[in-house]
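Reviewing the structure listed below.
Every read-out reported here was derived from the displayed coordinates using simple, explicitly stated rules and does not represent laboratory data. Fair warning: this is a prediction, and the values are worked out from it, not measured in the lab. Ideal geometry is used to build each Cβ from the backbone, glycine not excepted, and the neighbour counts take in all protein chains shown.
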Amino acid sequence: MRARPLPHASASPAPPGPARRLGALWRKTSLRHARNQPWQTLALVAILGLGVGGFLSIQMANRAAVTGFEGFTDAVTGRSTVTVEKAVGAFSAGELGRIRDTVGLRPAEVVPLVEGEAATAGTDPGRPLRLLGVDLVGIQNAPVADSSADLLPPPGEEPGLWSILRDRRSAWVAPEVARREGLSPGETWTIRARGEEHALTVRGVLPPGEGGVSVPPNLVVLDLAAARSLLDRGGVDRVEILVDPELPDAEALRRILAEELAGVGGGAWQVLLPGQQQAAGAQMTAAFRLNLLILSLIALLVGLYLIALGMDAAVVKRRREIGILRSLGLTAGEIRKLWALDIAALALAGTAAGLVLGSLGSQLVVRAVARTVNTLYLETTAASAQLQAGDVAMALLLGLGGGLLAAWLPLRDAASTPPAQVLSAGRFRPGLGLLRRPGLGLVLVVFGLAVLWLPPVPLPAGSRFPVAGYAAAFAWLIGGTLLVAGIVRPVARALAGRRSLPPALRHGFQRLRAASSRHRLAVAGLFVATGMALSMGIMVGSFESTVVRWLNVRFQADVYLSAPDAGGQPGVPFATVEWLEAQPEVRAVLPSARFPVPLEGRTVLLAGARYPDLLEEEEFLWIEEPLPLSAQPADADSFAVVNETFRYRFGKGQGDRVTLTTPAGPRTLWIRAVKADYGNDRGLLETDLRALRSWFDIPFYTNAVIHTEPGAPIPLETWRARETGLQFLRQGELRATALRIFGETFTIAQAIQVLGLGVAFAGLALALLTIIREDAASLRTLRCLGLDERRIAKVLATEGAGLAAVAVLGGLVLSLALAALLIFVINRQSFGWTLLYRLPATEMALQAVAIVATGALVGWLCARSTRARDRPSSPDS
Amino acid sequence: MMTSPVSPHQPSRLRRTLRHLGTGALALGTMAMGTFAATASPGASGEPPAVPARTDDGFPVPQPGTAFSFPRDHGSHPDYRIEWWYLTGHLESVGGTTGTPESARNSPDGGGRSYGFQVTFFRYAGPLPEEEDSLPAADPLAGDRQIFSTHVALADIDGGQFLQAHRMDREGWNAAAATDTLAVRHGPWSLALADPETERMELVFSTGPDSHARLTLTPQQPLVVFGEDGTSRKGSDPAARSYYLTFPRLEVAGTLTVHGKERIVSGSAWMDHEVSSQQLGDDLAGWDWTAIQLEDGRSLKAYILRREDGTPSPFSRLVWIGPDGSQTAFRPGPDFQWTGIDSWTSPHTGTSYPSTVRIDTRDPATGQPVSLRLHPRLDDQEVRDPLADNAYYEGACSVSSPSGLRGLAYLELVGYGPHGLPGGLR
């Protein structure tokens, strides 16, 4: 059928082109609607913005965390360096000489560095600071310009060079430190390091980094001598070999130097090229970034869900307008184009709002990310998230594409339905065909089960990508969506026939028996959001249960002795352990040393403990019980106990052998047992302390546990007073600290859980409002049949609660499956950890009840809101 | 064309650092010329004034009559404010790494190529504290009492290139000088006494990414101690004096790599070791200095201290050094005249240097007048010192005379152009 032209169009002397005609129509319909209903329009834009912004904020935060981590290394070392580190201890003057002699006359500068932790004192105490000691004179021979060490004042300014070199308090602070602490050059500033307060003189604020390298916000630079004195270092911590980047063969020279230095240092030195440093950084954050990726993708789904609901609501609200346009002769195609234009305009506005929301949100999320990264790995500069062109493109794709996609199905229905039917405000014929295919959903669920057998994909940096886990997760998400959407009608049919139910409830279920595509969409979205939120809860609960159990086993001693993270000694002196052993209250002191070492191109934590004593004093969570020492092969230098992560990452378990490169030469360790240890995700290789000390020059212990005599008072204050730079913690204190740290690592997961629940509630409310508004005619019919408002409210409350219940039940199943997937597949493949599977049943039940109750409440509120609108005197006003 | 290995990033930073030294760390190369010795001739002002034990700022003053002890006095004297070990030399390649001088002279890989080099290790002491023990103990890795600064230059005569490098470090793991023997090390560069019996030394230095030298230097003539009673006067101030020790003739052998091409080299070098706590007087505008090695085995050291009014200071000297170490010195006058006869203008700094020189003197062997003509073997031998924003001329020269005397020299010209005389030396 050919459409008749609109009256105003026929009056035009020169018929406008299709585009102009569409534009004129859009102004007369959509813009007028927007003016008449500004709050509705704003709400739609806000929904779109929320969907776009949620996804963007996590993406941007993710990127900020990673670049911040990489930026730290760059800012300190420049980008043209070979880094030489020691597995344990500091570089002595003799070793520095060996490095210099190895470099020889080649065009490279040897730069020793001291690094340490400190904290602010004074009015805002406890903020962590990173101290960097660099030779202010020697660094000026450096052939590269991107080291941020040109700190000397202009000639003629006081104090002169000699004064600065001789004043061990001279410090240069990062701009962020200066701003936060209100510092300016010349001022005295007190920090806390090694358990004592130190007054520094601020000589200047560090210049912004060059070449895009940012100065870490908590950086404080001291002269090498000052840093060594303040941190009580016997040598230097790290040596950078700076190669002039402008040399034509700079890269080759770096490789040659790295090889030679590794040879000279034996196993005692770890030599890293720039790429390897970045790889090390990438390795450290890989697992964490994987978690963020999955969260981003789930956020994307949630965003699409919100957009779909919003668009659906918009279409429903203007169905009368669509019917009128159809009556006036517009074809279904013209209406679709008109609405595409309308939706594009809304989506653009929503995308813009999403970009703003995303940027704001990322600033909040990035703090959680930074805290998580800090807790897991190290200090980062993840302090800001920058909007990039890619973000805008992604926002447009999500907002515009998602908006059009989400609106397409309801619009198709509205545009193709005959005008009389549309104007009658009757129900749409079901348009979301996909949601009516539970069989396909079942296939996807089975597919998810099948791919679980796939192994993880190894990544270049040494991590593994749990492809099976993610594939199964998405198969289950989509499949579950189809299944849940498909069972609304059968469930409602079964319940509606139950005579034992009150009439209002039966009536509600009868409405669901004829559930529309919109009902299915609402259930599907709620199902995804509920499943995501609840699975996060299970994940966090399981992790916490595991950690608590592990901490209970791990921390069995009465007192724990360690060097504090900031402002203390670098380790526990041997003499301290000997002194403690001589105390009458002490039954046993078990020191341990641990430090990272390279192994098969990756880094593991090598530890030494007094093993015979340790096994006597403490219990372990064994994954594989220790073999008897008599089984140790003759060619093994010692035994090792590894953690589960090590076994998983290196594929070596009980009875296998590992060969380490040590300063004393290669040493073979026989793996005697595998234990559960959630202390690190790089792999732990623990051996006998005496053997370790005979291979490595260990200057101090990392920590020690103290078992006291039963019933004996613990003179903790006396010990603390004697060892001011060390940290003594009772069992309870340490467990609380450990739990706090582990809690912080899941800050972001909890944030996502809250977001998911929020979306679930909002989505449910929006969907019900849309459905009930669409179905106003049937409500009027009910009223005409004599149902009072209370019964109508009960009917709608039943409809809402029924929808929510189906979604929540499905979401519960999904959450159980997703949580199992996270715990048994994704986490194990990413971290190598086996976690306990713990259901926070009460919490989950409360959340489920809350969602169902929300459904009922929304239905009830909708009934009330439509009562006034649907009075016979003012029908459909 | 001259190439410089100095990074374009370095100058401002290094200059800033050196200015902070504040003790006259400028024009480093020039300090090596400073044999302000009265030597065999009487002092400029008649009766010598009493020598103070310390300078105004508390450093010890070199004392007349000091007995030297070797190899200890080849080593460092950290109590004194300034000290340097200065070496210049003339090298010739003998071809490849295995050739002999005869076979190599015409070999295609560069046998017979001529080079000049200058290496100067400087040590500066920081100001003394008003009260002893008021300073914290020095950090053995990064000290705060001494700073080392080193200039290295290599003239590739046949290649027409002048390569130079500089570095500065505080005393510590990367810069040190032994006090009991000659063992100076600064970064990858070093000068050390390898054999106390023969006083053979080993010198290692580099002037760029792929240019470096490993040389052995063996004295061929006795060590010369300049100055009255073992101290060399530098001006009318009685504290302005130094211990000044010179090896006027060292045989050099070793390898030299220029732009990645290694050659065996041999030749002759000159070495000064000077220790002082106070240098020049206030009225000086600059100086012209040379160390000449004649083919007949004799050597000359000559310098003119230029005063602000253009007249030579009475502490200017010319000293003939016999193969046996004997000295004959002349003051400015009929037996010592220095005339610049041609100049070269630096394309880098615009400074004009009187780099072709005629020195008129009297040959103590014959008693006859002799006119020595110094001609640069390479025009561009300007040392542009990034440490001190200073430039000076330190160049290899050939020496000839109408009377048939021939030889090689190093010529140092300081205080020309906008840079002037480094005030810190006063």
**Report entry** the range B:392-417 versus the range B:279-334: alpha-carbon centroid distance in Å
**Finding:** 13
**Report entry** Label-point gap, in nm, between B:D283 and B:S371 - each point 7 angstrom along Cα→Cβ
**Finding:** 3.1
Query raised in the report: Which one of A:P245, A:L222, A:I256 has its Cα pushed farthest toward the positive end of the charge dipole of the range A:215-262, where Lys and Arg give +1 and Asp and Glu give -1 at the Cβ?
Result: A:L222
Requested in this report: In debye, nearest 20, what is the charge dipole magnitude of the range A:564-725 about its Cα centre with +1 on Lys and Arg Cβ and -1 on Asp and Glu Cβ, if you could check?
Outcome: 560
Report task. For B:Q146, list long-range residues whose amide hydrogen, built 1.01 Å from N in the peptide plane, is under 5 Å from its own amide hydrogen. Result -> B:G126, B:E171
Query raised in the report: Using a Förster distance of 51 Å, how high is the FRET efficiency between A:K28 and A:L785, based on the Cβ-Cβ distance and rounded to 0.05?
Result: 0.85
Query - Reach of A:K86 by Cα under 29 Å, taken over lysines that are not fewer than 8 positions away in the same chain - result: A:K652, A:K675
Report task. Starting with the fewest neighbours, write out A:R513, B:R263, B:R54 ranked by other beta-carbon atoms found within 10 Å of each beta-carbon. Result -> B:R54, A:R513, B:R263
Query raised in the report: Tell me, how many Å apart are the Cα centres for the range B:199-277 and for the range A:520-545?
Result: 81
Query - Cα-based reach from A:K337 at 22 Å (exclusive), listing lysines while leaving out same-chain residues under 8 positions away - result: A:K28, A:K317
Query - Separation in nanometres of the label points that stand 7 Å from Cα toward Cβ, at B:V51 and A:Q632 - result: 7.0
Requested in this report: Please report B:H90, A:H507 as a ranked list, fewest other C-beta atoms within 10 angstrom at the top and most at the bottom.
Outcome: A:H507, B:H90
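Most exposed first by the Cβ proxy, i.e. fewest other Cβ within 10 Å, how do B:D335, A:D688, B:D324 rank?
Details: B:D335 15, A:D688 20, B:D324 8.
Going from sparsest to densest Cβ surroundings: B:D324, B:D335, A:D688.
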Report summary line: Expressed in nanometres to one decimal, the distance between label points 7 Å along Cα→Cβ at A:S694 and A:S545 is 4.5
Report summary line: Filtered hits (lysines, Cα-Cα < 29 Å from B:K301, offset >= 8 within chain) -> B:K234
